[in-house]
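Participant: Before anything else, here's the structure in question.
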Amino acid sequence: MRPTRTGPRGPAVAAGRRTVRGRPVLRRATRHRLAADAALLLTAAAFAIPLAWLVLASLDPHATLRVGLPASPTLGNFSAVLTDEITFTPMLNSLLICGGATLLTVVCAALAAYPLSRFRSRLCRPYLLTVLFATCLPITAVMVPVYALFVRVDLIDTRYGTALFLAAAQLPFAIWLMKNFTDGVPKALEEAAWTDGASWWQTLRRIILPLMGPGCGVVAIYTFIMMWGNFFVPFMLLLSPENLPASVSIFTFFGNYGAIAFGELAAFSILYSTPVILLYILVSRRLGGGFALGGAVKG
Amino acid sequence: MNRRLLRWSPLAPATVLLLLFLAGPIGYCGYLAFTDTQLTGQESASFVGLANFRRAFADPAFRNAVVLTLVFTVVSSLLGQNTLGLALAGLMRRASRPVRALTGAVVITAWVLPEIVAGFLLYTFFERRGTLNALLEWLHLPTQDWLFTLPILAVSFANVWRGTAFSMLIYSAALAEIPREVTESAAVDGAGGLRRLWHITLPMIRRSIGTNLMLNTLQTLSVFGLIWAITRGGPGNRSQTLPVFMYDQAFLKSLIGYGTAVALLLLVVGALFSAVYLRLLREDT
């Protein structure tokens, strides 16, 4: 039944040289497409179940662990979690820590990327290789010594200390990404500035940085997304409740599963996830599919 | 000379930050791992040589963590994310546009969600009173307490759910690079789907496969939040992979030195994988 319905659409989809070989090929192409559609829809459904729970439970005043349509959907869960203690303080902490760290990362990466991209030196290649190597290292593994070190130098349980470490952890990848963006900025423009007598600092500030703007934006958004979702680093380095970002507070507030309100947990999860999803959409629009971000994702 | 120094000076902030907060801890890791530092009483720590490592290799809990880490990596990264990602990318090339867009959106959403949220969601899915058992009941299949009977497989599936999008994106890009003429001429010559996959598609994207496997493995090796949110390494230590074991020893058992030794081993494995990855990249260019 379904093939006959989609049959007429076949030629349009499988246009081109395939039509030369006549109808049987077309039918096979249609059959393949339907099989692929079915398989993908099945996978998508499986992937969507936990997401469906998230949305439905957030609207359900009597949410359980199971996916189910709420009998009387309300926004009560959202208003219940929109308090200073549960949402606003942790979100503000997240914003301060991740925002500060992102700013530091992007500035450092942009400054470092310029000479690495433009000047020749014997040390360039080893430096970049080291950076790329550091990109891949499992940061999780250094958290125990980082904790011990932070206790020694009295940076433990400080938001700026956590931000400094987050910035350093994201910096290798940010430098790498930024260097590639800088390589794409045409050199002719700055050579023109050079001949007009601009110093390299002026060139950097007036010509290069504005041209690197889009690159900086992408690096900033990517860095921010990675930091916003990071659980382990603030979990280790911050202790007092008033310092905790949303990624950890969600765990301390709701972590003791027993008698928790699942609807509120879902509502808070949505509030906490929304910024990164919006940012991801923004950046993937710009990059067309978001593949360029796939460079290095690590915990 | 002065000008050259000035030219390279923008490199300074990044380098200082990296040295202080990345190279510093890694170096400190190399030192702590050979001491008997404890969480309480930093002063009394003394150098103990390889004692921590000897202890680790004799410790059944450590060996348990190594085995579980291997299971977790093989199931979730090699078999799960990698194969499913390739399959999805391949199917997407044939599927109709709306289905492709829908599947991409759902799979990528799972990837973009913060780790801890993903952990909560998969917890509700696998929990005894959760959605998976509800589905099984609906299909009249036997249910069980998945987080108790098969905790390591549950967290592996959670990692597949969360990480497949990355492989899918890498393979989508790789498959788009294969010229259509190549597969088409093979099809005309009568090569079936499986043979085309094995003899044409896979060899042509082998670089992407290498890159993807390396990055997946590195990412999977350092998963902590996901497992912590779902099982906390339990029940007992039956889903305690190396990062969780490291945390458990260093903070819950207060053995910073021992925990760091485990961390150093993890770091060395990660460094080896990174080195292989760099080699792969170099062949690439």
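Participant: Under 1.5 on a/c is rounded, so check that first for segment B:136-261, then, if it is not, pick prolate when a/b is larger than b/c and oblate when it is not; a ≥ b ≥ c are the square roots of the alpha carbon gyration tensor eigenvalues.
Facilitator: Judged from the Cα gyration tensor, segment B:136-261 comes out oblate (a/c at least 1.5, b/c at or above a/b).
Participant: Moving to a separate point now. Compute the FRET efficiency between A:L41 and B:N2 as 1/(1 + (r/R0)^6), taking r as their Cβ-Cβ distance and R0 = 60 Å, and round to the nearest 0.05.
Facilitator: E between A:L41 and B:N2, to the nearest 0.05, is 0.35.
Participant: Provide the buried accessible surface between chains B and A in square angstrom, both chains summed, 1.4 Å probe, rounded to the nearest 100.
Facilitator: 8500
Participant: Could you work out the mean projected area of the convex hull around the alpha carbons of segment A:78-295, in square nanometres to one decimal?
Facilitator: Result: 14.6 nm².
Participant: Further, regarding this structure: Just to be sure I understand: with springs between alpha-carbon atoms less than 10 Å apart, which residue in B:T124, B:T241, B:T69 has the highest mean-square fluctuation in the Gaussian network model of chain B?
Facilitator: In this elastic network of chain B, the residue with the biggest mean-square fluctuation among B:T124, B:T241, B:T69 is B:T124.
Participant: Compute a Gaussian network model of chain B, connecting alpha carbons closer than 10 Å, and tell me which residue from B:I108, B:I26, B:I170 fluctuates the most.
Facilitator: Of the options given, B:I26 has the highest mean-square fluctuation.
Participant: Shape verdict for segment B:217-273, please, from the Cα gyration tensor: rounded (a/c under 1.5), prolate (a/b greater than b/c) or oblate.
Facilitator: Here segment B:217-273 falls in the oblate category.
Participant: Whenever you get a sec, line up A:Y127, A:Y114 from highest to lowest accessible area (probe 1.4 Å, protein heavy atoms).
Facilitator: Reading off the accessible areas and sorting them downward yields A:Y127, A:Y114.
Participant: Rounded to whole Hz and in sequence order, give me ³J(HN,Hα) for segment B:151-165 from the Karplus expression 6.51 cos²θ - 1.76 cosθ + 1.60, θ = phi - 60°, writing x for Gly and Pro.
Facilitator: Per-residue couplings from phi come out as x, 5, 6, 4, 5, 5, 5, 4, 5, 5, 4, 7, x, 5, 4 Hz.
Participant: Considering the Cα trace of the protein assembly as shown, what is its radius of gyration and what is Dmax, both in angstroms?
Facilitator: Gyration radius and largest Cα-Cα distance of the protein assembly as shown: 25.5, 84 Å.
Participant: With each label point set 7 Å from Cα along the Cα-Cβ vector, what nm distance links A:E85 and A:A188?
Facilitator: Result: 6.4 nm between the two label points.
Participant: When the helices in chain B are scored as -39500 (n - 2.57) per DSSP H run of 4 or longer and the sum is shared across all residues, what 222 nm value do you end up with, to the nearest 500 deg cm²/dmol?
Facilitator: Mean residue ellipticity at 222 nm (helix-derived): -21000 deg cm²/dmol.
Participant: Mind checking the angle between helix B:97-112 and chain B's longest principal axis? C-alpha axes, 0 to 90 degrees, to the nearest 10.
Facilitator: With rounding to tens, the tilt is 10 degrees.
Participant: Calculate what fraction, in whole %, of the accessible area of the protein assembly as shown sits on carbon and sulfur atoms when a 1.4 Å probe is rolled over the protein chains.
Facilitator: 66
Participant: At a 1.4 Å probe radius, which order do B:H199, B:H140, A:H32 fall into by accessible area, largest first?
Facilitator: If we order B:H199, B:H140, A:H32 from most to least accessible, we get B:H140, B:H199, A:H32.
Participant: In addition: Anyone know which of B:V160, B:V262, B:V182 comes out most mobile in the 10 Å Cα GNM of chain B?
Facilitator: Result: B:V182 has the largest fluctuation of those listed.
Participant: Once you compute Rg and the Kirkwood Rh from C-alpha atoms, what is the Rg to Rh ratio for chain B? Kindly include the intermediate steps, with their values, before the conclusion.
Facilitator: Working: Rg = 23.1 Å, Rh = 21.9 Å.
Ratio of gyration radius to Kirkwood radius: 1.05.
Participant: While we're here: Relative to the longest principal axis of chain B, what angle (0 to 90°, nearest 10) does the C-alpha long axis of helix B:115-126 take?
Facilitator: On a 0 to 90 degree scale, this one is about 70.
The values are calculated or read from the model by the stated rules, or taken from the named source; none is laboratory data. Being a predicted model, the structure only gives us computed values, none of them experimental. So basically every Cβ, Gly included, is an ideal-geometry build from the backbone, and we count neighbours across all protein chains shown. Heavy atoms of the whole protein, side chains included, go into the accessibility calculation; ligands, DNA and RNA do not. Shrake-Rupley method; radii C 1.70, N 1.55, O 1.52, S 1.80 Å.
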